[in-house]
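One structure is given below, encoded as C-alpha cells.
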Amino acid sequence: MLEPPTPEDLVSVYWLADYFEVPQLKHDLERALAVEIHCDSMFCKYLGPAQELGVESVIATVVDAFAKDILYADDYVWGFEDDMSSSFLLAVLQKMTVSEKSSFLMSGLIADFFQTHSIDADTFRTLTDAERLPHIQPSTTWTFLKIESELIESSQSCSLSSLQERCINSLSGVFLEIDFTSGPITLQSISFQRLLISKAQQHIRREGR
C-alpha cells in the first residue's frame, strides 16, 4: 500500500511541474495545495519546503491561510517557528486583520523570531510598527525593549518611542511592582520609569488593589 504524499513531495512535484512547464499538472497541484494548506492548520507543514525551493505561490498561500487562522488560534505556537523569515512575518502582518488578539499572538511569534535570528534595525522597525502591531503581549515586552536598545540609538530627549509606549500599556496591566535594578535590561530613561510606575499605579487603583 502506497503512503500518501508528504508536503515535501507535493511542493517538490509542483516545483518540477513549473520548471518543466507542465501546465495541467501545475494547475491541478495548485488547486490541491490550496485546499490542503487551508485545512486544519496544515500550512505549518508547507512553509519550510516552499521556502527551501523558493516556490513563491505556495508561500503566498501559506501566508493567506495563516493570516486567517490566527484570528481563531488559542496560542501562537504552530510548530513552524524554525521556518519563519522576516519576509514571511511581514507578509502575514500585511495580510491579517489587525485585532488585539491577532496582535498579541503575532507579537509572541515575532519576539521568538528576534531571539533566534539576526536582524537589523530596519527589520526591527518594520516588524514592530504600531500600525501592524498595536498591541504587545506582556511576556514579550522585555525582549522588544532589549533588542530596541541594542539596535536603535536612543534619543537624548525625554520622549518615548512608540514601541516603548505600547510596552508600557501592556506592562501596566500586569506588573504591580517594578524592580529596575534586576531587570533584563537597563532602563535609562527616567521618564520611562516614572510613566510605567504611574501606569501600574493607575491600574492598581482601578482594580481596587
Discussion item. If you take every residue apart from GLU30 with its C-beta less than 15 Å away from the C-beta of GLU30, what net charge results, scoring Lys and Arg +1 and Asp and Glu -1?
Written reply: -4
Worksheet entry | Accessible area of TYR19 in the full protein assembly, 1.4 Å probe (Å², nearest 10) | 140
Discussion item. So if I take the alpha carbon set of region 1-76, get Rg, then get Rh from the Kirkwood formula, what is the Rg over Rh ratio?
Written reply: 1.00
Discussion item. Quick check on region 1-149: take the gyration tensor over C-alpha atoms, sort the square-rooted eigenvalues as a ≥ b ≥ c, and tell me if it's rounded (a/c under 1.5), prolate or oblate.
Written reply: prolate
Item to complete: Would you mind working out the accessible area per residue for region 62-153, using a 1.4 Å probe, and quoting it in Å²?
Response: 47
Worksheet item: Could you give the distance between the Cα centres of region 76-144 and region 5-20, to the whole Å?
Response: 29
Worksheet item: How would you classify region 78-152 from its alpha-carbon gyration tensor, with a ≥ b ≥ c the square roots of the eigenvalues: rounded for a/c under 1.5, else prolate if a/b is greater than b/c, otherwise oblate?
Response: rounded
Discussion item. Just to verify a number: what accessible area does TRP15 come out at with the full protein assembly present, 1.4 Å probe, Å² rounded to tens?
Written reply: 90
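The values are calculated or read from the model by the stated rules, or taken from the named source; none is laboratory data. If you're wondering where the values come from, they're calculated on a predicted model, not measured in any experiment. So basically every Cβ, Gly included, is an ideal-geometry build from the backbone, and we count neighbours across all protein chains shown. For accessibility, only protein heavy atoms count, side chains too; no ligands or nucleic acids. Shrake-Rupley method; radii C 1.70, N 1.55, O 1.52, S 1.80 Å.
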